[in-house]
Amino acid sequence: MILEVFAVISRWAIPLFILAILVAGLIRRVPVYESFVAGAKEGFDTALRILPYLLAMFFGIAILRDSGTLDAVLSLFAPLVEPLGIPREVLPLAILRPLSGSGALGVVSELMRTHGADSFIGLLASTIQGSTETTFYVLTVYFGSVGIRNVRHAVSVGLMSDLAGFLASVFIVHLVFGAALS
Amino acid sequence: MMNRIWLGMILIGMLAAAINPNVGLDVVASASVSAGEQAVTVAFGLIGILAFWSGMMRIAQEAGLMRWIARVLTPIGRRLFPSLPAESPAMGAVMLALSANMLGLGNAATPLGLKAMEELQALNRNRTVASDAMCTFLALTTAGVTLVPTTVVALRAAQGSSDPTAIVATTMFATTFGTTVAVMLDRFMLRRGHR
């Protein structure tokens, strides 16, 4: 039942979203074709802009992985997290996500390449990446722009919500995809 | 922060490679080659789908979808930000920035967020200490409410997923939970701070 509801939402969300955008554009008399092309040009730049960040992250990951460091560190933590249903492979993602959005995107991409985009780890990494924000980046830029030095509880709340999003991702991916994949 | 992490990853990896009898230092050279190939594959794989969503989002923006979401959310905004006057420019800017975040409008979200911070700072009594409204605004922003995780869907497609949008519903669930926790924690901390 839950599985079906989630599958229906996933299948319909994007077509409906696109339809809503186009209908809104039609009603407000937006030149949809020209706007689309102008916006798409920006997307092209975005993809190229993140290339250096991905490159840096892939280089770091490759050295850690090929030298055996990653496996050694992750085996240390495995007994702590695997009883909770958290695969050790996603731990680097959980640590990096609040610090660097494009760095985390590199980790997600690497996990999907190694384990497959439709594997449990691939689905979990995708959900984690999509459901949390680059907390430290947002806090630094937003507070920095207006000269706030005492941020009060903003850091702890941001990190706790990242942790909550991470645990919720583990829970829901187990619930929705766990049975089908095991 | 990222400087130290990246440097740490490389130096620790090199040290481990040097002392690990099974590998040796030539992993550094091979890593540089494979990282380069991979970065190009992923970034170029992303171009088409990312461009598609940027195009769609441009239409959404020009059709005023962001303003519409901001208006729909204002009643909730009044409860979340009791310290902001309902019709103030600060409330308007905050709701607009949150709507841009929900739509995943990367290019619009940050400038709108900074504009909102400016408006909130104008109402702030102590210019170096975050106000209550700022804390709540940042709690919502860092929780990352997103309607459709377009970048992840694009990346999944680029990595050969047979169902790139399969994670839309699970992502909505997780982001809603994370945001709820953020709002409740922020409430709790604000109340404790004022006692």
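The values are calculated or read from the model by the stated rules, or taken from the named source; none is laboratory data. Being a predicted model, the structure only gives us computed values, none of them experimental. Cβ atoms come from the backbone with ideal geometry, glycine included; neighbour counts cover every protein chain shown. The accessibility values were calculated without ligands, DNA or RNA, using every heavy atom of the protein model including side chains. Shrake-Rupley method; radii C 1.70, N 1.55, O 1.52, S 1.80 Å.
Given B:Thr165, B:Thr171, B:Thr175, B:Thr180, which one is polar (S, T, N, Q) and more than 7 Å from every other protein chain (Cβ to nearest Cβ)? I'd like the intermediate steps shown before the answer.
Details: B:Thr165 fails: more than 7 Å from every other protein chain (Cβ to nearest Cβ); B:Thr171 fails: more than 7 Å from every other protein chain (Cβ to nearest Cβ); B:Thr175 fails: more than 7 Å from every other protein chain (Cβ to nearest Cβ).
Residue meeting the stated conditions: B:Thr180.
Go through (1) assigned to a helix (DSSP H, G or I); (2) open to solvent by 20 Å² or more (accessible area, probe 1.4 Å); (3) over 19 Å from B:Gly45 (Cβ atoms) for A:Leu99 and report which single condition fails.
Only one criterion in (1) assigned to a helix (DSSP H, G or I); (2) open to solvent by 20 Å² or more (accessible area, probe 1.4 Å); (3) over 19 Å from B:Gly45 (Cβ atoms) is unmet by A:Leu99, namely (1).
Quick one: is A:Ala72 under 30 Å from B:Gln61 (Cβ atoms), more than 7 Å from chain B (Cβ to nearest Cβ) and of a type in the set (Gly, Ala, Ser)?
So A:Ala72 does not fit the description; no.
Give, as residue ranges, the helices (runs of 4 or more DSSP H) completely inside region B:1-103 that count at least 1 residues that are within 7 Å of chain A (Cβ to nearest Cβ) and open to solvent by less than 20 Å² (accessible area, probe 1.4 Å).
It comes to B:2-19, B:26-62.
Within region B:140-150, restricting attention to residues that are at the interface with chain A (Cβ under 7 Å from one of its Cβ atoms) and part of a helix (DSSP H, G or I), which residue is nearest to A:Gly130 (Cα to Cα)?
If we take residues in region B:140-150 being at the interface with chain A (Cβ under 7 Å from one of its Cβ atoms) and part of a helix (DSSP H, G or I), then B:Ala143 is nearest to A:Gly130 (Cα to Cα).
If you scan region A:68-95, which residues turn out to be open to solvent by less than 40 Å² (accessible area, probe 1.4 Å) and hydrophobic (A, V, I, L, M, F, W, C)?
A:Leu74, A:Ala78, A:Val81, A:Ile86, A:Val90, A:Leu91, A:Leu93, A:Ala94
Identify the single condition in (1) under 24 Å from B:Gly193 (Cα atoms); (2) within 12 Å of the chain's Cα centre (by Cα); (3) of a type in the set (Gly, Ala, Ser) that B:Gly144 does not satisfy, given that it satisfies every other one.
Of (1) under 24 Å from B:Gly193 (Cα atoms); (2) within 12 Å of the chain's Cα centre (by Cα); (3) of a type in the set (Gly, Ala, Ser), only one is false for B:Gly144: (1).
Can you tell me which residues in region B:117-135 are in contact with a Ser or Thr (Cβ under 9 Å, 6 or more places away or on another chain) and part of a helix (DSSP H, G or I)?
Answer for region B:117-135, where residues must be in contact with a Ser or Thr (Cβ under 9 Å, 6 or more places away or on another chain) and part of a helix (DSSP H, G or I): B:Met117, B:Glu118, B:Glu119, B:Leu120, B:Gln121, B:Leu123, B:Asp132, B:Ala133.
Tell me, yes or no, whether region B:175-192 has at least one residue that is under 23 Å from A:Gly116 (Cβ atoms), among the aliphatic types (A, V, I, L, M) and over 13 Å from the mean Cα position of the chain (by Cα).
For region B:175-192, residues under 23 Å from A:Gly116 (Cβ atoms), among the aliphatic types (A, V, I, L, M) and over 13 Å from the mean Cα position of the chain (by Cα): absent.
List every residue pair whose Cβ atoms lie under 6 Å apart, where the two residues are 6 or more positions apart in sequence or sit on different chains, the first residue falls within region A:46-64 and is within 7 Å of another protein chain (Cβ to nearest Cβ), and the second residue, located anywhere, is surrounded by 20 or more Cβ atoms within 10 Å (Cβ to Cβ) and β-branched (Val, Ile, Thr).
Close Cβ pairs (under 6 Å, with a partner that is surrounded by 20 or more Cβ atoms within 10 Å (Cβ to Cβ) and β-branched (Val, Ile, Thr)) amount to A:Leu54/B:Val42.
From the list A:Thr69, A:Thr114, exactly one residue is in contact with a helix residue (DSSP H, G or I) (Cβ under 9 Å, 6 or more places away or on another chain), farther than 21 Å from A:Phe166 by Cβ and of a type in the set (Val, Ile, Thr). Which is it? Working first, answer last.
Numbers: A:Thr114 fails: farther than 21 Å from A:Phe166 by Cβ.
Answer to the selection: A:Thr69.
Tell me which residues, restricted to region B:105-139, are within 9 Å of another protein chain (Cβ to nearest Cβ), of a type in the set (A, V, I, L, M) and in contact (Cβ under 8 Å) with a residue 40 or more places away in the chain.
Selection gives B:Ala139 alone.
Against the condition under 25 Å from the mean Cα position of the chain (by Cα) and closer than 22 Å to A:Ser100 by Cβ, how does A:Ala56 come out, does it pass? Write out each step before concluding.
Numbers: under 25 Å from the mean Cα position of the chain (by Cα): yes; closer than 22 Å to A:Ser100 by Cβ: yes.
Answer is yes for this residue.
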